[in-house]
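A.B. asks: Take this structure first; my questions come after.
Any read-out appearing in this document is the output of simple, stated calculations on the displayed coordinates, not a laboratory observation. Model, not experiment: these values are computed from the prediction. All Cβ positions, even for glycine, are placed from backbone atoms using ideal geometry, and neighbour counts span all protein chains on display.
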Amino acid sequence: MRQDEQHLRFLAEHLLNSGVSDIGERERNALMRISRRLQANRAQDEIPVEGVTFGERLADRVAEFGGSWTFISIFGAFLVGWAILNTDILRNHAFDPYPYVFLNLILSMLASVQAPLILMSQNRQAARDRLTMIRDFEVNLKAEAAVQALNQRVEHLTWNILSDLNEVKNQLKAQPAAQDTESPAK
């Protein structure tokens with residue numbers, strides 16, 4: 001926690017001294033998000049699993065089943081069975097002869113109920129996807145800030161090492177000159 005406070009103090013001092021006029025658009029956007037107090041770990045934004053209404057659960061189940069190969073296979077078999085039953089098996093006594101008007105009515109009613117349920121489920125999924133996208137973006141911002149901080153640390157350490165190497169180099173240069181003056185002449 002102490003190191004976080006140091007980073008915040010450094011950031012605040014840097015912004016106070018330099019202002020925000022010379023920062024890039026990315027940094028400006030990050031500061032705007034921080035100023036709005038957006039955080040990556042926001043439990044209040046999650047779509048709760050509890051408290052989901054019966055209609056929402058039904059919409060999710062219908063969309064899940066209605067978009068599966070199982071549904072397509074069963075429904076295809078039903079349609080083929082309907083056609084065979086009313087065309088070949090029952091022939092003259094068919095309850096829905098060839099243009100299959102009754103089947104068309106059933107399909108229209110099914111579509112009129114199923115389509116809004118699927119749209120409701122897609123809207124809920126889109127809301128979950130938006131929250132996930134926002135969290136991912138904020139995590140990326142934090143990761144970018146962490147990488148920038150690491151780059152600054154590496155740069156600082158590099159300059160420290162170079163400074164130390166320069167001191168060692170100067171000491172080594174001074175050392176032979178001192179040895180030459182101290183050594184007795186033969």
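A.B. asks: Using only Cα atoms, what is the ratio of the radius of gyration of segment 15-173 to 2.2 N^0.38 Å? Present the calculation step by step, with values, prior to reporting the outcome.
C.D. replies: Working: Rg = 31.9 Å, N = 159, 2.2 N^0.38 = 15.1 Å.
Relative to the 2.2 N^0.38 Å estimate, segment 15-173 comes out at 2.12.
A.B. asks: Using Cβ contacts closer than 10 Å as the measure, can you line up Asp164, Asp22, Asp60 from fewest to most? Numbers along the way, then the final one.
C.D. replies: Values: Asp164 10, Asp22 7, Asp60 18.
Least crowded to most crowded, the residues run Asp22, Asp164, Asp60.
A.B. asks: Could you check the simple spin-label distance between Phe75 and Ala174, using points 7 Å along Cα→Cβ, in nm with one decimal?
C.D. replies: 8.7 nm
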